[in-house]
Amino acid sequence: MLYLTIDRGKSLPLIRQLYTQLRSKILQGELLAGQKLPSTRKLSEELCISRNVILEAYEQLLAEGYIEGRRGSGYYVAADMYLEQQARQEDLSIFPSGEAESLGSDIIDFRSGVPALEHFPRTVWGKIVQRVCQEAPLSALGYNRPEGRLELRQILSRYLYRTRGVCCEPEQIVMTSGATQALTLIAKVLLKPGSRVLIEDPITHDIQTIFRAAGASLHPVPVDASGLQVDQLPDPAACHPSFVFVTPSHQFPLGGTLPIQRRIQLIQYARAADCYIVEDDYDSEFRYDSPPISSLQGLDDQRVIYVGSFSKILSPGLRLGYLVLPRELVQRYQEAKWFSDLHTPSLDQLALGLFIEEGHLEKYVNRVKKLYKKRRKCLVDALHEAFADRVSIWGASAGLHIVAAFPGIRFTPALLAQIKDCGVRLYPVEDHAIAPGQHEDKVILGYGNLSEAEILAGVAKLKDVIQQN
Ligand SMILES: Cc1ncc(COP(=O)(O)O)c(C=O)c1O
């Protein structure tokens, strides 16, 4: 007997449900060549669905050649339909899982780096997009230059100087699809198999993946509460790195801000090693207890490649980011961007340009900064109240996440699963570690996209689980 299931609660039409199941049974050899399919009448009784549904599913399989019809006798599996299944790889993708799982569910998801999506300035952005659509020059509707629209790059260079102390001409900017594409282009231009990258440890796992995929070997440099431990960098004469990768404004994940002395030492190191520094400035606008720290790029614009993004200050869904490059690299990056996807969508760039130029971005950042400050306080206070001196907080002065360390506790997959069963999703620092075993007591708690009520409920649930362990 054939085991088939029909789920009327699914959005997939019944015909498609039946067709898909029969097709995979044929491909997987569960239904063999020459085997007769059940009659439409019999199957309709078994599955309690109309004969027409079954007939249509059979017709589809017939049209695609999976089965054959024999006059007066019914439907049979066609010959040579078995397709050996590839062994299933457990980890099919390098992409972080979980977003889809948590969206729309009741789980309290402390995923880092997601801004307050419900506060996205839909009305203003929408009006600007509409204006751009009506008024953009015809050239914006055609193929454009890989580095992006000059209008936006002019506005951006002024904005970056004003807010981040980045010194550049519009010609040094290449617009990208988020920081992620900027990092991929860096890997493409500067790395080849065997290249060396000196990189903060821990550091975003995705970034490690991008550099490793280009064949680079990663040399981890430890991080403390003030960011990269510059005195732990290897001998520049012996090392020959392609670049040093840093997140100096707000180290990801531990949250430190690189002090000026270390910044200067780092620039001196890069000069001695004759390598670049890649500065990933992914969320630096959100600094709560002091004004934003000026960029490393402002100290040496020909040594530092600056990577920026609008994912945290506006929305990751926009996929808008950029590179600010030393002059000698500009042309190679324009070529790499052209090879990758010609250019970033021009109308989006023009909308972003107006959004910045008319002052909406800075107004919006100031508004949400107040919101994040409250959420951060709520989270830190709740953790201290729940765990007293059994918790220590890292990196609370900036960004959209903190790290909480619970000395004596190991966030193993089993413990994380237990926490998730109670309705809270946490992200261990250890997942971002290159040298393992040093951060097992720490979790990253993103608070940007959680309400205060969710934060309080999440911490209460976490307390319940931790107390049992
Ligand atoms: C440190 C760091 N850099 C870069 C990115 C990528 O951001 P984007 O959305 O601009 O690709 C992230 C994303 O969370 C990040 O955490």
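The values are calculated or read from the model by the stated rules, or taken from the named source; none is laboratory data. This one's a predicted model, so the numbers in the text were calculated from it and none came from an experiment. Note that each Cβ is placed from the backbone with ideal geometry, even for glycine, and that neighbours are counted across all protein chains shown.
Couple of notes before you dig in:
- Taken over the stretch 221-247, the criterion of being within 16 Å of the ligand (Cβ to nearest atom) and in contact with a strand residue (DSSP E or B) (Cβ under 6 Å, 6 or more places away or on another chain) is satisfied by 221, 223, 228, 243, 244, 245, 246, 247.
- In the stretch 273-290 there is at least one residue that is more than 11 Å from the ligand (Cβ to nearest atom), out of contact with any helix residue (DSSP H, G or I) (no Cβ under 7 Å at 6 or more places or on another chain), charged (D, E, K, R) and in a strand (DSSP E or B).
- Scanning the stretch 258-272 for residues being part of a loop (DSSP other than H, G, I, E, B) and crowded, with 22+ Cβ neighbours inside 10 Å gives a total of 1.
- Residue 253 assigned by TED's automatic domain parsing to the domain that holds residue 158 and either part of a strand (DSSP E or B) or within 14 Å of the ligand (Cβ to nearest atom) (or both): yes
To keep it simple, each residue is scored yes or no on (1) modelled with pLDDT of 95 or more; (2) charged (D, E, K, R); (3) away from the ligand (no atom under 14 Å from the Cβ); (4) in contact with a Leu (Cβ under 7 Å, 6 or more places away or on another chain).
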{"position": "310", "(1), (2), (3), (4)": "yes, no, no, yes"}
{"position": "334", "(1), (2), (3), (4)": "yes, no, yes, no"}
{"position": "359", "(1), (2), (3), (4)": "yes, no, yes, no"}
{"position": "370", "(1), (2), (3), (4)": "yes, yes, yes, no"}
{"position": "377", "(1), (2), (3), (4)": "yes, yes, yes, no"}
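- Elements of the type strands (runs of 3 or more DSSP E) sitting completely within the stretch 156-244 and holding at least 2 residues that are assigned by TED's automatic domain parsing to the domain that holds residue 291, without any contact (Cβ under 8 Å) to a residue 24 or more places away in the chain and crowded, with 16+ Cβ neighbours inside 10 Å: these cover 217-224.
- Filter pass, residue 208 being closer than 21 Å to residue 269 by Cα and in contact with a strand residue (DSSP E or B) (Cβ under 7 Å, 6 or more places away or on another chain): no
- Options 128, 108: the member that is assigned by TED's automatic domain parsing to the domain that holds residue 401 and away from the ligand (no atom under 16 Å from the Cβ): 108
- The set of residues in the stretch 257-312 being without any contact (Cβ under 8 Å) to a residue 40 or more places away in the chain and aromatic (Phe, Trp, Tyr) consists of 269 alone.
- Boolean, residue 346 is farther than 25 Å from residue 296 by Cβ, within 15 Å of the ligand (Cβ to nearest atom) and either surrounded by fewer than 21 Cβ atoms within 10 Å (Cβ to Cβ) or in the same structural domain as residue 250 (by TED's automatic domain parsing) (or both): no
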